[in-house]
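One structure below.
The values are calculated or read from the model by the stated rules, or taken from the named source; none is laboratory data. Values in this document were obtained by computation on a predicted structure and should not be read as measured data. Quick reminder, even Gly has a Cβ in these numbers, built from the backbone with ideal geometry, and neighbours come from all protein chains shown. With ligands, DNA and RNA removed, areas are computed over all heavy atoms of the protein, side chains included. Shrake-Rupley method; radii C 1.70, N 1.55, O 1.52, S 1.80 Å.
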Amino acid sequence: MRVVLDHITKRFADVTAVSDFSATLNDGELVCLLGPSGCGKSTLLNMLSGILPVSDGKIFFDDEDVTMLPPEQRGIGLVFQNYALYPHMTVLGNICFPLETQHVPKEERLARANEIAKLVHVDMLMNRRPAELSGGQQQRVAIARALVKNPRLLLLDEPLSNLDARLRLEMREEIRRIQQRTGVTTIFVTHDQEEAMSISDHIVLMKLGVLQQNDLPQNLYNEPANQFVADFLGNPPINNLPGTVSGGAFITEEGDGVVKMPLFEGIADGRKVNLSVRSESFVLDPDGPLACEVTRVYQMGKEEMAYFKLGECDFRAYIDADEGLKVGNRVRLNLKKRGVFVFDRETGERIK
Amino acid sequence: MKKEKQSVDRELVDRSFFSRVEPYLYLLPFFLGIVVFTLYPVVNVVLMSFKEDYSYLSRSFTQWGFGNYRIVLSNRYFGQAVGNTIKYVLLVVPISTCIAVVVAYLLNQKLRFNALFQTAYFLPMVTSVTAVGLSWKLMYNQNFGIINYLLSFLGIDPVPWLVNASWSLPALVIFGIWNILPFTIILLLSGLQNIDPQYYTAARVDGSKSLRIFFRITVPLLAPTIFLVCIVNTISSFKVFSELYPLFSGKPGPFNNMYTVVYYIRKAMTDRKYAVAAAAAIILFLFIFAFTMIQTFVRKRMERRGQ
């Protein structure tokens, strides 16, 4: 099912949690709502589920306007951050509960519950109580409970944040597998960029209630729409070198680097910009424009993570271990074509 | 190794003798109070109940034995008292619990004038039972009472609440329920507030209506508190006396028909039959003990059975 958010705004008493948000989410995709804490992503999810009413705008499921529909009529499955499994019911009772309210006959209820339990691999835990399950198992049961009523849309609110690191990896693969098996359109809220990058078909990146970019994961990384997107994605974070444009070249504020790239042609002289470079986009080059000093070197196997200092500006880069960098070395760096962006320093907008 | 550890321990003990004793010193005053006013009387009651022909003034008795228990158990008023008390408990506890669950549930909603309702419901708790009992006595009055006045609008003839033997138990039970409600509601309300509202959201998203949420989510999650309330109220209802006393002007019902166990005990005491009263008190204790055990057993069974 295709989900269309049409100029959605949510105002609380004194804050606007989501403002003028428009996006289309494609049928059958797993979409991540990504953003730092407090960016309005959970608010948006709650509006999709119908738990929160919208202040302005419309929500469409396919062509149906569901803006005013209560949660139970929207045909959604919701997985809560802390799962909210009913503690007094067994796993079977939990999975069956949504069907019970739909007055599905008992035999069909059991059949469907067993089928979905097999899909999420909890079929051998049917008689346990939630308190007797591990975090990952509770998560699976919560997903089963959300899926058992064949929802049009599956909503997951930070589903992995209560799990330890190893389980988190395992469960995100699981969520991906289950989503692909069922083909249900899924919206997944997270603040973890790595999680979002690894499992989603599309990522919707938000900041302070405003949509930043709605794109394929690799596009978010390779073609960030603005400074925030570039900063938010990538580990280690992208390196920002402040400077000004002059005569089609970039002049660093720190040190005396003059970077000439086609990128800067056509930018007005004197414009204050950031040259943002991914850590993997530096190369050692005796004729490179950036003269800097090596301040730290970490071995990472084939590559090294080196810290450089250019004037007062620090940045990190992956360098081939064969180069044998030592702390205190003075080297010159050049830039690759990929992973190099220019952003306006005031507005953060990308300059192409 | 062991020797070394012991010597270290001794050193520690020597050095910190005061710090080890200190907490007990703080406990001592209250503990003395408990010993003098609770433990001593309890032990004394148990002993006294086995002293035959006990004289309170001379503290003399003829022999140890079950004489007092025989007196109590063969007394027809005691039999009546046990019957009345059990009926009272079996009516008051379930009815008051059911009403309290509903009221607490409503009070837990975000209602307008919530503070007003809460104050109104909790008012009986800060009033004296005896004083309120006198008001109820007036309200129950067959000719001038407000209850019969209100019932007259429903076309019901005046009910002889306090003057007819068959109406004295209902009168006592209604007053008892009213009296026990606030405490029950407070406990249940705190139980309700401990339920994570996310369960309600989850159930609502799953399409459950309020009534189903109430019976399938709220009540089961509240079950531990409900059991607690039942046990506490059973114990206090078995000791019903202060509700009875003002209602019938100190008499056990209009025709001595509303004896309760505690009334019987009190009567024995005013008759200076302390040992008999003690025996009756022990029997009451056994009843309460048995009922509480049954409730605990039922609870364990239900927990194991699950939903």
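When the residues of the stretch B:190-204 are narrowed to those that are in contact with a Phe, Trp or Tyr (Cβ under 9 Å, 6 or more places away or on another chain) and of a type outside the set (Phe, Trp, Tyr), which ends up nearest to B:Arg301 (Cα to Cα)? Spell out the reasoning first.
Start the filter on the stretch B:190-204 by keeping residues that are in contact with a Phe, Trp or Tyr (Cβ under 9 Å, 6 or more places away or on another chain), which leaves B:192, B:198-199, B:201-203.
The next check asks that each one be of a type outside the set (Phe, Trp, Tyr); those that pass are B:192, B:198, B:201-203.
Details: B:Leu192: 23, B:Gln198: 28, B:Thr201: 30, B:Ala202: 28, B:Ala203: 27 Å.
Result: B:Leu192.
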Which numbered condition B:Leu162 misses (of (1) in contact with a helix residue (DSSP H, G or I) (Cβ under 9 Å, 6 or more places away or on another chain); (2) open to solvent by 10 Å² or more (accessible area, probe 1.4 Å); (3) farther than 30 Å from A:Asn82 by Cα; (4) outside any loop (DSSP other than H, G, I, E, B)): (4)
Set A:Met300, A:Met305: member being under 26 Å from the mean Cα position of the chain (by Cα) and surrounded by fewer than 15 Cβ atoms within 10 Å (Cβ to Cβ): A:Met300
The stretch A:1-57, residues that are charged (D, E, K, R), touching a residue at least 24 places away in the same chain (Cβ under 8 Å), more than 24 Å from B:Gly207 (Cβ to Cβ) and not in a strand (DSSP E or B): A:Glu29, A:Lys41
Residue, most open to solvent (accessible area, probe 1.4 Å), within the stretch B:123-159, restricted to residues that are of a type in the set (Val, Ile, Thr) and within 19 Å of B:Glu243 (Cβ to Cβ): B:Val126
Whichever residue in the stretch A:199-218 is surrounded by 22 or more Cβ atoms within 10 Å (Cβ to Cβ), in contact with a Gly (Cβ under 9 Å, 6 or more places away or on another chain) and at pLDDT 90 or above and, among such residues, is nearest to A:Val4 (Cα to Cα): A:Val204
Filtered residues of the stretch A:71-97 (kept if closer than 13 Å to A:Ile51 by Cα and part of a helix (DSSP H, G or I)): A:Pro71, A:Glu72, A:Gln73
Qualifying residue in the stretch A:22-34 (condition: at pLDDT below 90 and open to solvent by less than 30 Å² (accessible area, probe 1.4 Å)): no
Residues located in the stretch A:273-296, provided they are open to solvent by less than 10 Å² (accessible area, probe 1.4 Å), assigned to a strand (DSSP E or B) and in contact (Cβ under 8 Å) with a residue 60 or more places away in the chain: A:Val273, A:Leu275, A:Ser276, A:Val277
Neighbours by Cβ (under 9 Å, 6+ apart or cross-chain): first from the stretch B:95-120, part of a loop (DSSP other than H, G, I, E, B); second of a type outside the set (Gly, Ala, Ser): B:Leu111/B:Phe117
Residue within the stretch A:77-98 that is farther than 17 Å from B:Gln198 by Cα, touching a residue at least 24 places away in the same chain (Cβ under 8 Å), open to solvent by less than 20 Å² (accessible area, probe 1.4 Å) and at the interface with another protein chain (Cβ under 9 Å from one of its Cβ atoms) present: no
Some residue of the stretch B:258-270 being touching a Lys or Arg at 6+ places or on another chain (Cβ under 7 Å) and either open to solvent by less than 40 Å² (accessible area, probe 1.4 Å) or at positive phi (or both): yes
Test: residue in the stretch A:52-71 that is among the hydroxyl-bearing types (Ser, Thr, Tyr) and within 12 Å of another protein chain (Cβ to nearest Cβ): no
Neighbours by Cβ (under 8 Å, 6+ apart or cross-chain): first from the stretch B:209-229, more than 7 Å from every other protein chain (Cβ to nearest Cβ) and open to solvent by less than 30 Å² (accessible area, probe 1.4 Å); second among the aliphatic types (A, V, I, L, M) and outside any helix (DSSP H, G or I): B:Thr218/B:Ile195; B:Leu222/B:Ile195
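Tally the residues that are touching a helix residue (DSSP H, G or I) at 6+ places or on another chain (Cβ under 7 Å) and more than 17 Å from A:Asn274 (Cα to Cα), restricting the search to the stretch A:318-352.
Let us first name the residues in the stretch A:318-352 that are touching a helix residue (DSSP H, G or I) at 6+ places or on another chain (Cβ under 7 Å), namely A:318, A:335-336, A:338-343, A:348.
Subsequent filtering for residues that are more than 17 Å from A:Asn274 (Cα to Cα) retains A:318.
Summing the residues that are touching a helix residue (DSSP H, G or I) at 6+ places or on another chain (Cβ under 7 Å) and more than 17 Å from A:Asn274 (Cα to Cα) in the stretch A:318-352 gives 1.
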Verdict on A:Pro159 being open to solvent by less than 20 Å² (accessible area, probe 1.4 Å) and at pLDDT below 90: yes
Count - residues of the stretch A:316-333 that are within 15 Å of A:Gly288 (Cβ to Cβ) and either within 24 Å of the chain's Cα centre (by Cα) or modelled with pLDDT of 90 or more (or both): 1
From B:Leu107, B:Leu73, residue being aliphatic (A, V, I, L, M) and open to solvent by 60 Å² or more (accessible area, probe 1.4 Å): B:Leu73
Selected residue (criterion: nearest to A:His103 (Cα to Cα)) from residues of the stretch B:196-208 that are of a type in the set (Ser, Thr, Tyr) and within 7 Å of chain A (Cβ to nearest Cβ): B:Ser208
